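Presented below is the structure to which this report refers.
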Amino acid sequence: MSKLIAIVGRPNVGKSTLFNRLTQSRKAIVDDTAGTTRDRQYGKVDWCGQEFSIVDTGGWVVNSDDIFEEEINKQVEIAIQEADVILFVVDASTGPTDLDDKVAAILRRSKKPVIVVANKEDRGDARFNIPEFYKFGLGDPIGVSSANGSGTGELLDEIVKDMPEKDNDDDTEENVAKFAIVGRPNAGKSSLINAFIGEERHIVTDIAGTTRDSIYHRYNKFGFDFYLVDTAGIRKKQKVNEDIEYYSVIRSIRAIEASDVCILMIDATRGIEGQDANIFSLIQKNKKGLVVCVNKWDIVEDKSLNAQKRFETAIRNKFAPFTDFPIIFTSALTKQRIHKVLETATQVYENRRRVIPTSQLNSYMLEQIAITPPPSNKGKFVKIKYITMLKDSVIPTFIFFCNLPQWVKEPYRRFLENKIREKWDFHGTPISIFMRDK
């Protein structure tokens, strides 16, 4: 499981700008108005082979006129509670403030590893104010500029260095598959696990968010052997209004990171929604296997084969361009097709671990490449000479050696992936394709 890094600090010190810089995205809204960030943003960072999750929080405020002050502070508190490393962002152009002192006091009590990030060092004589932040007693401050990226490499080095080792108290066996059941609240996740294990091991109600934590269950019935993970429902951020649900969202994300295959539950009575696509994106970002489970199919009005095909088409269109995953229509209440869910998830796990011999790979793929070679670019022709598959990689990863790897564009990469999927069964698992100079 990757580690979770939380960005905290008072308003308008550049937390969201730093988040966007580290994740190389524009997910977080950046504005000079204090309090712009009210909900947390999550992203992934890969630095020197170390991958970790990062969360942007709203600015810590006290005694303000903002009606969201209490909720923002709750989010910050729980992000601090769950984080493995905390980035305490301060404004080097203004120096320490009373509000910085209050945040620093909270961080000292948390006993978590803290890195003081003195942002906006590029403004005037701001860098000369950085030594003043030693007063917090939280270690050496690191000067950065989130706007232009200076100092962020040193910051990432420090994050990776202070990152705790993997917990030793995880009693799940590494060679046993882990299936995370995820989805929007009230999609029937706990009901599905109860149907699997044949007993009421979980609280199952119609109240969204009943499951508050991620729970592992060893399943070893009917020839299966894996861990089931029931996660708290992930809902749209503006609808999360209990701090215990903030906690649940973090744990759900971390359960996805720890799993091998995710069973994405979709409520058939509500159809495919934007939040389902957001969860799918999170699964893809973490490179997990996928089984889509359309639950509550027993209570929809139209159960015809055509209705199933329309629903399936809508799902694949929503999740494109990755469409090579199984979709199963089930009912956790009546136990309709629930064992097919387990069989399919197990097969996806095996597909994820599949290794193709190099001789077979070259024999088939070089023939396909000769039939449909890469398109020429500015009069230059790409010649692919050799293909190999990496062993012990997180997902099936193929390396194509050629003379001009930089000229192989995304459409041809998708063509190669489709040819691989046509020949070998990688149903439900993402594939990585890399071009390397021969």
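Read-outs: derived from the displayed coordinates by stated rules, not from any lab. Note that the structure is predicted; figures quoted are calculated from it, not measured. When we count neighbours, we look across all protein chains shown, and the Cβ atoms used for this are built from the backbone with ideal geometry, even at glycine.
Tell me, what ³J(HN,Hα) does each residue in the stretch 336-342 have, in order and in whole Hz, if you take phi through Karplus 6.51 cos²θ - 1.76 cosθ + 1.60 with θ = phi - 60° and put x for Gly and Pro?
Listing the rounded values in order: 5, 6, 5, 6, 5, 4, 5 Hz.
What ratio of Cα Rg to 2.2 N^0.38 Å holds for the stretch 381-437?
Cα-based Rg divided by the globular estimate yields 1.11.
Under a point spin-label approximation (7 Å from Cα along Cα-to-Cβ), what is the Leu390-Phe415 distance to one decimal in nm?
Output for this residue pair reads 2.4 nm.
Given C-alpha coordinates of the stretch 318-399, what is the ratio Rg to Rh with the Kirkwood estimate of Rh?
With Rh from the inverse mean 1/r over Cα pairs, Rg/Rh is 1.15.
Picking from Ala268, Ile283, Trp297, whose Cα lies most toward the positive end of the charge dipole for the stretch 262-302 (charges on Cβ: Lys, Arg +1; Asp, Glu -1)?
Working it through, the farthest residue towards the positive pole turns out to be Ile283.
Using the Cα atoms of the stretch 93-159, I'd like the radius of gyration and the largest Cα-Cα distance, Dmax, both in angstrom.
Expressed in Å, the Cα Rg and Dmax of the stretch 93-159 come to 11.9, 34.
Looking at the square roots a ≥ b ≥ c of the eigenvalues of the Cα gyration tensor of the stretch 75-124, which shape do they give, rounded for a/c under 1.5, prolate if a/b is larger than b/c, or oblate?
Prolate, since a/c reaches 1.5 and a/b exceeds b/c.
Distance in nm between label sites at Asn148 and Val300, each 7 Å beyond Cα in the beta-carbon direction?
5.5
Rounded to whole Å and sorted largest first, list the principal axis extents of the Cα atoms in the stretch 276-432.
For the stretch 276-432, the Cα spread along each principal axis is 58, 32, 27 Å.
Take each of the peptides 293-303, 414-424, 261-271, 326-336, average the number of other beta-carbon atoms within 10 Å over its residues, and list them starting from the highest.
261-271, 326-336, 293-303, 414-424
For the stretch 309-360, report the translational diffusion coefficient in µm²/s to the nearest whole number, using Stokes-Einstein at 37 °C, 0.692 mPa s, and a Kirkwood Rh over Cα pairs.
In µm²/s, the coefficient rounds to 248.
Would you pull out the residues with amide H under 5 Å of Val144's amide H, same chain only if 5 or more places away, H placed 1.01 Å from N?
Distant-sequence amide H within range of Val144: Ala118, Asn119, Lys120, Glu121.
Using only the Cα atoms of the stretch 291-331, what are the Rg and Dmax in Å?
10.4, 30
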